[in-house]
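The values are calculated or read from the model by the stated rules, or taken from the named source; none is laboratory data. Just so we're clear, the structure is a prediction, and the values are computed from it rather than from any experiment. Reconstructed Cβ throughout: ideal geometry from the backbone, glycine too, with neighbour counts over all protein chains shown. Just so you know, the surface numbers come from the protein's heavy atoms only, side chains and all, with ligands and any DNA or RNA stripped out. Shrake-Rupley method; radii C 1.70, N 1.55, O 1.52, S 1.80 Å.
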Amino acid sequence: MRGGSGRGKQPGRRPGARPGRSGKQAQRIAAKNVGRKRGQAKRQPAARGRLTRRVGAGAARCARVNRFQVVSVLLVVVLGITALKLVHVQAFQAEALSEQAERQRTTVMNIPAQRGSIFDRDGIELAFSVETRTLQVNLRSLRREWAEHARENPESDEDFDTRITEISEYIAERVPELTSKEELLAKFRKPANFTFLVDDVPPSVAEEVTERYPEIAKEQRAHREYPSGRVAADVVGYASWLMEDEDVSKHNLHGRVGLENLRDDDLAGRPGQQLVDTRQGDPSVVIPGSERDVQPAVAGSDLHLTLDSDVQHDLQERLSDYVERTDANGGSAVVMDAETAEVYALANDSTFDPSDFSNATNEQLNNAAVTTPFEPGSVNKIVTAAAAIEEGITDPDEVHSVPGSIQVADHTVRDAWSHGVIGMTTTGIFAKSSNVGTLQLAQELGEESFAEMLERFGLGRRTGIGLPGESPGYVPALEEWSGTTFGNLPIGQGLSMTVVQMASMYQVLANEGVRVEPRVVRYTVDPDGERVPEPEAETSRVVSPETADTVLDMLRATIQDGPGQDSGTAPMAAIDGYQISGKTGSAQQVNPATGAYSQSLFNITFAGAVPADNPQFVIAIMLDAPDTTIPEGSSAAPLFRDVASYLMQRYQVPLSSEEAPVVPLVVD
């Protein structure tokens, strides 16, 4: 039946069979489906592999893309930072870096200033500078260069040792008086980065060396010359090249002693500066012709002294000879202008040789004439003489009863010769150097007046001569005097002075009572040639002109060779045709072992003016412990005579208009 349920399930039909097909067709179709499913089952793993490979390839491509992107970002960042740094450098650091680069190839070189010369009063050079060179080498660079040479040229016969041997031989041949091959080799081989090889090389020789051996550098320096040698060495002093100062610009000639030291600021000048190019920043190797931006050095001033080098030479020779003849421990002497107090000569028996300064002893370097005070003895009696005349206590011709001794507190003072009570004129007391008579006058004068006169004469303070190390000497303050002090000071014991102070005292008498501050420098000449005078010397009136002339006339009797007892203590000081005024002195030295005055060791002194009637010069002499058992050892008068005679001849001083009168000294 076709209606009704004809569309329902048909018997014998498998599920899924298509309607309208036969069983065979269905079977064939089913078989194909089964085979297709089996094929699909077999092809499924391969498909998964292909999918996996496609996924892996994609991931790799993604990784490569990611790395590229990261690198690109980093590169952009780095380039950005670099660009920012360049902008910063160009905008903000360009000038500083340029300056730094400039410093690496340039060096500031100091130009030493020409040191001023020192002249005597007649324009004779006592000290001047000579330009020199110092040879030097950068040992580190030299070793490095030859080490590289050895690596690059292993078969070469030349090395560091052969090079320095060649250089040492050449330099030693050119300046044999300055160095030797052995000395130079020792310097080349020392374990240092740099060394100076030799000083004081003439500029022309240094130029030859550096042209032949470019590794050797030269430095401009100077050497001080002293053409007169030992003459005035104590005054002039010594200067040498010094490099101790941390300020390199101050590396120059500088004074070590004497005026070279004291007036170093005047003499040294001001150094200059210049920029130079250097090889690889090595300041020791300057590229020739690269000097620029020069700041000129300013030369120092010249010193013109009051010294007369001929008088100085004569005084030194005579003093040294006299010290030797009398077997003295030493001696000092001064020649001074009577009116201006300018020092014509200042000498010690022993001084140093500027050409051999390194071997100078402390004794030779000590300018004892200004640094070493001593007890003067009777030359100090002029203080009592001047005060007594100035105060009107006595006059030259007054006669005094003078015993052979006098008691001062618990101290007994005697004259140098034995005598009872004798009549002595005031002139005789000082001409014969009576200790007792001098103390009698001092007691009439009084302690305060005597102490005031000591101060007026400048004792106990520096003279202001303008030399280093000057001593003020020693004078005890009045409030410190003991009972015996006034028994010592008037006769020149218990106080001390230098030879310069002693000369200054007698300059007062020779200059009508006016003390003038002594000096050794007259003026300076600056780099422009302008003469610059020294500050005006201080002056002070000590006594009246009348008192000064009176005392000076009285002291002529010291030299007189009169009849009987009318001879003074120094007839040996007389010079034919000239009046001489002076005073002898003899002071006991303190025995260092006992602290008491010695009975055998003395300071022997003499001071005076010549000519006495028209004073031109003052001369002061001190001998340290000469042999007083011989005539010359007991007095410095013969030395005074010889020095004064030379002065009269050199300066053609007119003869005195008349001989000095012979006056009574001892009156019966």
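Name the strands (runs of 3 or more DSSP E) wholly within region 499-579 that hold at least 2 residues that are touching a Lys or Arg at 6+ places or on another chain (Cβ under 8 Å) and either open to solvent by 40 Å² or more (accessible area, probe 1.4 Å) or among the β-branched types (Val, Ile, Thr) (or both)?
Values: elements: 514-516, 521-525, 531-533, 539-541.
Strands (runs of 3 or more DSSP E) meeting the threshold: 521-525, 539-541.
Results for (1) assigned to a helix (DSSP H, G or I); (2) open to solvent by less than 30 Å² (accessible area, probe 1.4 Å); (3) touching a strand residue (DSSP E or B) at 6+ places or on another chain (Cβ under 9 Å), shown as yes or no for each residue.
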{"position": "ALA150", "(1), (2), (3)": "yes, no, no"}
{"position": "THR162", "(1), (2), (3)": "yes, no, no"}
{"position": "GLN220", "(1), (2), (3)": "no, no, yes"}
{"position": "GLY229", "(1), (2), (3)": "no, yes, no"}
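Results for (1) within 27 Å of ASP120 (Cα to Cα); (2) at pLDDT below 80; (3) of a type in the set (Lys, Arg); (4) touching an Asp or Glu at 6+ places or on another chain (Cβ under 9 Å), shown as yes or no for each residue.
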site: GLY229; (1), (2), (3), (4): yes, no, no, yes
site: ASP247; (1), (2), (3), (4): no, yes, no, no
site: GLY258; (1), (2), (3), (4): yes, no, no, yes
site: ASN261; (1), (2), (3), (4): yes, no, no, no
site: THR278; (1), (2), (3), (4): no, yes, no, no
### Query
Across region 464-474, what is the total count of residues that are under 20 Å from TYR506 (Cβ atoms), open to solvent by 40 Å² or more (accessible area, probe 1.4 Å) and part of a loop (DSSP other than H, G, I, E, B)?
0
### Query
Looking at this structure, is SER586 surrounded by fewer than 24 Cβ atoms within 10 Å (Cβ to Cβ), small (Gly, Ala, Ser) and part of a strand (DSSP E or B)?
yes
#### Entry: region 351-374, residues that are open to solvent by less than 60 Å² (accessible area, probe 1.4 Å), part of a loop (DSSP other than H, G, I, E, B) and touching a Phe, Trp or Tyr at 6+ places or on another chain (Cβ under 9 Å)
PHE352, ASP353, ALA360, PRO373
### Query
GLU145 passes all but one of (1) free of Cβ contacts under 8 Å to residues at least 60 places away in the same chain; (2) surrounded by fewer than 16 Cβ atoms within 10 Å (Cβ to Cβ); (3) part of a helix (DSSP H, G or I); (4) not aromatic (Phe, Trp, Tyr); which number fails?
(1)
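Name the single residue that is modelled with the lowest pLDDT among those in region 284-295 being of a type outside the set (Val, Ile, Thr) and outside any loop (DSSP other than H, G, I, E, B).
So in region 284-295, the residues of a type outside the set (Val, Ile, Thr) come out as 284, 288-293, 295.
Subsequent filtering for residues that are outside any loop (DSSP other than H, G, I, E, B) retains 292-293, 295.
On the way: ARG292: 72, ASP293: 62, GLN295: 85.
Checking each candidate, the answer is ASP293.
Under 30 Å from VAL311 (Cα atoms) and open to solvent by less than 60 Å² (accessible area, probe 1.4 Å), is that true of PHE128?
Numbers: under 30 Å from VAL311 (Cα atoms): yes; open to solvent by less than 60 Å² (accessible area, probe 1.4 Å): yes.
Yes, satisfied.
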### Cross-chain or 6+ apart pairs with Cβ under 8 Å, region 640-655 first and on the phi < 0 side of the Ramachandran plot and assigned to a loop (DSSP other than H, G, I, E, B), then surrounded by fewer than 17 Cβ atoms within 10 Å (Cβ to Cβ) and not basic (Lys, Arg)
PRO654/ASN614; LEU655/GLY577
### Task
Kindly check whether there is at least one residue in region 381-395 that is over 30 Å from TYR322 (Cβ atoms), among the hydroxyl-bearing types (Ser, Thr, Tyr) and in contact with a Gly (Cβ under 9 Å, 6 or more places away or on another chain).
no
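Give the residue that is most open to solvent (accessible area, probe 1.4 Å), with candidates limited to residues of region 437-451 that are acidic (Asp, Glu) and over 15 Å from ILE389 (Cβ atoms).
Initial filter on region 437-451 (acidic (Asp, Glu)): 444, 447-448.
Restricting the remaining residues to those that are over 15 Å from ILE389 (Cβ atoms) gives 447-448.
Details: GLU447: 81, GLU448: 139 Å².
Among those residues, the one meeting the criterion is GLU448.
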### Query
Mind checking which residues of region 296-350 are of a type outside the set (A, V, I, L, M), in a loop (DSSP other than H, G, I, E, B) and closer than 20 Å to THR463 by Cβ?
THR306, ASP308, GLU339, THR340
### Task
Can you work out which of the residues in region 73-130 that are more than 30 Å from TYR226 (Cβ to Cβ) and basic (Lys, Arg) is modelled with the highest pLDDT?
ARG105
### Query
Could you list, in sequence order, the residues of region 399-435 that are surrounded by 15 or more Cβ atoms within 10 Å (Cβ to Cβ), within 20 Å of VAL663 (Cβ to Cβ) and free of Cβ contacts under 8 Å to residues at least 60 places away in the same chain?
HIS400, VAL402, ASP415, HIS419, ILE429, SER434
